[in-house]
Amino acid sequence: MDKPKVLIARKTFDDIVDRLRPHFELECKEDEGAWTQAELIARLQGKTGVYITGTEKIDATLLDACPQLRLISSMAVGYNNVDVAACTARGVLLTNAPDVLTETTADFGFALMMATARRIAESEHFLRRGEWKQWGVTMFAGSDVHGATLGILGMGRIGQAIAKRGALGFGMKVIYHNRSRLAPELEAPLGARWVEKDELLQQADHLVLVLPYSAASHHAIGAAELSKMKKTATLTNIARGGIVDDAALARALAAGTIAAAGLDVFEGEPSVHPELLTVPNVVLTPHIASASIPTRRAMASLAVDNLIAVLTGGKPVTPVNPEVL
Ligand code: DGY
């Protein structure tokens, strides 16, 4: 019997992909970068499964053009690049990669928040430009992280891991806003308190965004929200582009509405709003929050586990829409 055909749509770890070879006929993207949508559809012809990242767009048009597709296995936890309803309507299963990136992403979120509060990127650029002539009392003086109020918008696994770092490692007071409250036994060890979104905006010294992107969270932080924050506050976004109105944020940073921002994700990335590139009080990184080698390997491995499990007749490890089964 012919082996099912699987497309590996992004270059990934060869030894992890090799685990698929006994089971499937593989076609693999050999170079870095993504195929265009038309190329992706062409390569998907006759494929039963596809390995993707958080960037390939899987929509109704693609699904209709690839009727043999049964499984979309993403190595990302976020899946706003996939039209889940369209998958479900066509009986296509989507799997993602939760949990394996939680701690690494929380490490990065905390690091980005600290870099933002303590003006690390801005001061490094100043030093590299050769502008450091003498030590100064208030030179690049930022705000404290320890003992400050950490505000978290979205309190899933990554939000809780950031709260743990803040509360237990840095003595921060933790407030959060989420659709649902954490159970008291999760709140208590962190001293975390659920608050209304306005209170979160008004009280946080450092606000970190960790909510999934959806139509409901589009521009959850825009000009109106930024104007409610403290002038001394920082904003860190490690969630998804589009949750923040980047144009409004650039204006707020230039005007001093808030002190600084740390951004790992952008509206329309890899493009970055041009005004964000010119304001000094923002730390910019290219969507790397989960990018440690062990974690990226774990994400790839989980995506491969899902492909093997589902396409050899077993149960998915981490299904997003299990109702199709
Ligand atoms: C994720 O897993 O969602 C990361 O943001 C990488 O896309």
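Numbers at a glance
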{"item": "Distance histogram in 10 Å bins (all Cα pairs of region 116-167, percent per bin)", "result": "20, 36, 24, 18, 2"}
{"item": "Burial ordering of Ile152, Ile120, Ile58, fewest other beta-carbon atoms within 10 Å first", "result": "Ile120, Ile58, Ile152"}
{"item": "For region 177-186, 3J(HN,Hα) per residue [Karplus equation, 6.51 cos²θ - 1.76 cosθ + 1.60, θ = phi - 60°, Hz, x = Gly/Pro]", "result": "10, 7, 4, 10, 7, 5, 5, x, 6, 8"}
{"item": "The chain: equivalent-ellipsoid semi-axes (sqrt of 5 x gyration tensor eigenvalues, Cα, Å)", "result": "39, 22, 18"}
{"item": "Cβ-based exposure ranking for His273, His206, in which fewest neighbours within 10 Å come first", "result": "His273, His206"}
{"item": "Amide N of region 279-313 lying under 15 Å from the label point, which is placed 7 angstrom from the Cα of Glu32 along Cα→Cβ", "result": "286-288, 291-293"}
{"item": "Residue-averaged [θ]222 nm for the chain, counting only DSSP H segments that reach four residues, each worth -39500 (n - 2.57)", "result": "-9500 deg cm²/dmol"}
{"item": "Residues with amide H under 5 Å from that of Glu25, placed H, sequence gap 5 or more", "result": "Lys5, Val6"}
{"item": "The chain: Lys pairs at Cα distance under 25 angstrom, eight or more positions apart or on different chains", "result": "26"}
{"item": "Candidates Glu185, Glu225, Glu30: whichever shows maximal mean-square fluctuation once the chain is modelled as a Gaussian network with Cα springs under 10 Å", "result": "Glu185"}
{"item": "Top of Pro184, Pro67, Pro286 by mean-square fluctuation, Gaussian network on the chain, Cα under 10 Å", "result": "Pro184"}
{"item": "Gain upon complete extension [Thr138, Ala86; 0.36 nm per residue less C-alpha separation]", "result": "13.2 nm"}
{"item": "Positive dipole terminus of region 102-284, leading residue within Gly166, Gly136, Ala239 (C-beta point charges)", "result": "Gly136"}
{"item": "Protection-proxy order for peptides 309-316, 49-56, each taking the mean of Cβ atoms within 10 Å per residue, highest first", "result": "49-56, 309-316"}
{"item": "For Asp246, net neighbour charge (Lys/Arg +1, Asp/Glu -1) across residues whose Cβ lies under 15 Å away", "result": "-4"}
{"item": "Helix 246-255 vs. the chain, principal-axis angle (Cα, 0 to 90°, nearest 10)", "result": "10 degrees"}
{"item": "Rounded to the nearest 20 debye, dipole of the chain from Cβ charges on Lys, Arg, Asp, Glu", "result": "440 debye"}
{"item": "For Tyr176, Tyr79, Tyr213, order by how many other beta-carbon atoms lie within 10 Å, fewest first", "result": "Tyr213, Tyr79, Tyr176"}
{"item": "Under 5 Å, built H, 5+ apart or other chain: amide partners of Ser74", "result": "Ile52, Thr95, Asn96"}
{"item": "Estimated dipole of region 102-284 in Debye, rounded to 20 [Cβ of Lys and Arg +1, of Asp and Glu -1, Cα centre]", "result": "320 debye"}
{"item": "The chain: most fluctuating residue of Asn281, Asn96, Asn80 per GNM, C-alpha cutoff 10 Å", "result": "Asn80"}
{"item": "Distance cut-off 19 Å, percentage of C-alpha pairs in region 10-107 lying past it", "result": "43 percent"}
{"item": "For region 177-325, alpha-carbon Rg relative to the globular expectation (2.2 N^0.38 Å, N residues)", "result": "1.26"}
{"item": "5 Å binning of all Cα-Cα separations within region 102-284, expressed as whole percents from 0 upward", "result": "1, 8, 18, 22, 21, 15, 8, 4, 2, 1, 0"}
{"item": "In Hz, Karplus ³J(HN,Hα) per residue of region 17-28 (6.51, -1.76, 1.60; θ = phi - 60°; x = Gly, Pro)", "result": "4, 4, 5, 7, 4, x, 9, 9, 8, 9, 10, 10"}
{"item": "Placed amide H near Val283: partners under 5 Å, 5+ positions off or other chain", "result": "Ala261, Gly262, Leu263"}
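Rule-based calculations on the coordinates, nothing more; no lab input. In this text, all values refer to a predicted model and were calculated from it rather than measured experimentally. Every residue, glycine among them, receives a Cβ derived from its backbone with ideal geometry; neighbour counts consider all protein chains shown.
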